[in-house]
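Encoded as structure tokens, the structure appears first; notes follow it.
The values are calculated or read from the model by the stated rules, or taken from the named source; none is laboratory data. This one's a predicted model, so the numbers in the text were calculated from it and none came from an experiment. Virtual Cβ from ideal backbone geometry, glycine too; neighbours counted across all protein chains shown.
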Amino acid sequence: MVDVEIYLWLDMAMHARRMDWQHVITEFQGLEAGRSYSVLRSFVDADGDEHRAGESWRLLGSMFSKFDDLVTLCVTLRDGSQCEVPLIWRPEAQGQLVEKFSEYLAAA
């Protein structure tokens with residue numbers, strides 16, 4: 001599993017350079033890379049994917065683009081698959097979720 005995570009981190013860093021991301025970070029709004037989290041309250045991300053209460057993730061890291069107000073959480077799901085959870089940090093989108101992660105996610 002470690003090899004996969006290292007590869008993903010390298011891929012995230014390369015993706016960040018290609019997409020003009022401002023940061024690839026290991027801590028964001030109280031969430032820490034390497035920790036597991038459970039969804040407390042269902043929500044829909046910027047791609048329209050629903051994340052239901054009870055869903056579990058392991059946070060690999062996050063990225064932020066100040067140009068798009070886009071926060072991307074890079075996670076490993078319970079089945080081992082990896083995905084990105086994009087969130088737009090604006091009031092009309094997922095802004096409340098980003099500012100109040102503790103109402104939506106809890107350390108598992």
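I'd like to check something: does region 83-90 contain any residue that is over 12 Å from the mean Cα position of the chain (by Cα) and modelled with pLDDT of 90 or more? First the steps, then the outcome.
Filtering region 83-90 down to residues over 12 Å from the mean Cα position of the chain (by Cα) leaves 89-90.
Checking which are modelled with pLDDT of 90 or more leaves us with 89-90.
Checking region 83-90: at least one residue is over 12 Å from the mean Cα position of the chain (by Cα) and modelled with pLDDT of 90 or more.
Answer with yes or no whether Ala93 is surrounded by fewer than 13 Cβ atoms within 10 Å (Cβ to Cβ) and over 13 Å from His51 (Cα atoms).
Criteria not met by Ala93.
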